[in-house]
Amino acid sequence: MSCKSQSLLGCMFCFLFAVISTYRAYASSGPNWVVLAGPGKLLGQVTAPMDIAVDSRGFLYISDATGGGRVQQRDPQGNWSILLTHGSAPDQVESPDDLLVTPWGDLFVVDNTRVLKRDRAGNWSIAFTSTKCMIQGIAADDSGNVYIAEGWWGMGRIIKYDPQGGTSILAEHGRELGEVDFPMDIAVDKLGNLYIADWQANRIQCRSADGKWTVIANAGQWYGEVNGPNSLAVASDGTLYIGEGNRIQRRSPSGRWTIVATNGGGRFQVGGTPRGLSVGPNGELYIADPSNNRVILYPSPCRTGDLNNDGYVNISDVILLLRLGVLGESPQSPNPTRVGDIDRDGKISVADVTKLLNHLVKGMPLPPE
């Protein structure tokens, strides 16, 4: 590194420190949260929403406790309707919880010890029942297999139902690798990897398509650690979202962890542990926030300025942009000109660093992707 480069880099870091000391710096920048449903018992309002699901067309399905329990639907135009009301019939729910829209278009609703199914023709039936304990989570893969997580004190297990009607138990109760204690949610990615949020054991396990088990998160409070995990969602690119310990974490396909939301009732916050997560067809995250009686939309992460390609724009991207623009180092982003050229002049320079700082510190907007 030349003396001139060292001097310029030192000046830029001094400038960065001075700006952050003068203004209120934001820890991370991304798209705004949108509240899709607030507290209440009317149509389009929610009371303690437990889960949310979204299909490929953009229809949302929300389970909440209004009137003893119901499931609402919101179409892409924002129109609301009630799909299920409280009751014990096959087209009613007693205590709706986990929701699933399968790749082939069926809607499943977990209701205590049974799972209701609405097929593509709109007919309701009881698809699965448990004689062992409460059903906590449900997931499905592209091959037509449905996975059920049963969880209660001393009774956890994971069951697989194949399209031919066969049943197999993938995990029994226990604390060893490949066992579950009190699983609260499950999710499957495009590769057939099954993720299990074990609330009681404080860990996230992954079962690969060929049956190999690994632990991807153990108990703790740091990035990549979990405390009482009870909700999962996986995007089409393999990005995993985990609701646990009064926050939501995001695990990128490369294994990088970031925090999406922390505890509270404001922007970028969730009350208590979020019970329901779902990822839309464009990568947007939907959150059922029962403690605040609301449903939140978090649009697809911002890409402009995302030099480390983790889905967020923050101080680490400023440092990478400094190294890229001033020292000429190789970028981590696969498209450095698109994400790093903040002023859109066709090159990466110190001016881009200044604009990115102004965005983080002063809230000045970034150009669209």
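If you project the alpha carbons of the stretch 165-230 onto their three principal axes, what span does each projection cover, largest first, in Å?
Projected onto the principal axes, the Cα atoms of the stretch 165-230 cover 40, 25, 18 Å.
Explain nothing, just the number: relative contact order of the stretch 91-139, from Cα pairs under 8 Å at least 6 residues apart, as a whole percent.
Once divided by the residue count of the stretch 91-139, the mean separation gives 33 percent.
Can you say what percent of the DSSP beta bridges in the stretch 108-253, counting only those with both residues inside, are antiparallel? Round to 5. Display every interim value, and only then the final one.
Details: 46 of 48 bridges.
Roughly 95 percent of the DSSP beta bridges within the stretch 108-253 come out antiparallel.
Taking only protein heavy atoms into account and a 1.4 Å probe, give the accessible area per residue of the stretch 76-207 in Å². Let's see the in-between values first.
On the way: 5650 Å² over 132 residues.
In whole numbers, the stretch 76-207 has 43 Å² accessible per residue.
Can you run phi through the Karplus equation (6.51, -1.76, 1.60; θ = phi - 60°) for the stretch 248-256 and list ³J(HN,Hα) in whole Hz, with x for Gly and Pro?
Whole-Hz 3J(HN,Hα) from phi for the stretch 248-256: 10, 10, 10, 10, 6, x, 8, x, 7.
Mind listing the phi-derived Karplus ³J(HN,Hα) values for the stretch 190-205, rounded to whole Hz, using 6.51, -1.76 and 1.60 with θ = phi - 60°, and x for any glycine or proline?
Those phi angles translate into 5, 8, x, 6, 9, 9, 10, 8, 9, 4, 6, 7, 6, 7, 10, 9 Hz.
Taking amide hydrogens as modeled 1.01 Å from N in the peptide plane, which residues meet the under 5 Å criterion relative to Ala37, leaving out close sequence neighbours?
So Ala37 has HN proximity to Val295.
By the gyration tensor of its Cα atoms, with a ≥ b ≥ c the square roots of the eigenvalues, what is the shape of the stretch 87-156: rounded for a/c under 1.5, prolate for a/b over b/c, or oblate?
On the way: a/c = 2.41, a/b = 1.24, b/c = 1.94.
Here the stretch 87-156 falls in the oblate category.
Report, to one decimal in Å, the Kirkwood hydrodynamic radius for the stretch 75-217 based on all distinct Cα pairs. Can you show the working numbers first?
Working: mean 1/r = 0.0638 Å⁻¹.
Taking every pair of different Cα atoms in the stretch 75-217, averaging 1/r and inverting gives 15.7 Å.
Provide Val71, Val35 ordered by accessible surface of protein heavy atoms (probe 1.4 Å), highest first.
Details: Val71 0, Val35 85 Å².
The ordering from most to least exposed comes out as Val35, Val71.
Can you classify the stretch 169-272 as rounded, prolate or oblate using the Cα gyration tensor, where a ≥ b ≥ c are the square roots of its eigenvalues, rounded means a/c under 1.5, and otherwise it's prolate if a/b beats b/c and oblate if not? Please report the intermediate quantities before stating the final value.
Numbers: a/c = 2.09, a/b = 1.40, b/c = 1.50.
It comes out oblate by the Cα gyration axes.
Would you rank Glu172, Glu225 by solvent-accessible area, highest first, keeping every protein chain in place and using a 1.4 Å probe? Write down the numbers at each step before the final one.
Values: Glu172 95, Glu225 55 Å².
Correct descending sequence by accessible area is Glu172, Glu225.
Based on Cβ point charges of +1 for Lys and Arg and -1 for Asp and Glu, what charge dipole magnitude is obtained for the stretch 98-214 about its Cα centre, in debye rounded to the nearest 20?
Values: 12 positive and 16 negative charges, 28 e Å.
Roughly 140 debye for the stretch 98-214.
The values are calculated or read from the model by the stated rules, or taken from the named source; none is laboratory data. Computed from a predicted structure; not experimentally measured. Glycine gets a Cβ as well: all are built from the backbone with ideal geometry, and neighbour counts include every protein chain shown. Ligands, DNA and RNA are stripped out before the accessible areas are found, and what is left, the full protein with its side chains, is counted by its heavy atoms. Shrake-Rupley method; radii C 1.70, N 1.55, O 1.52, S 1.80 Å.
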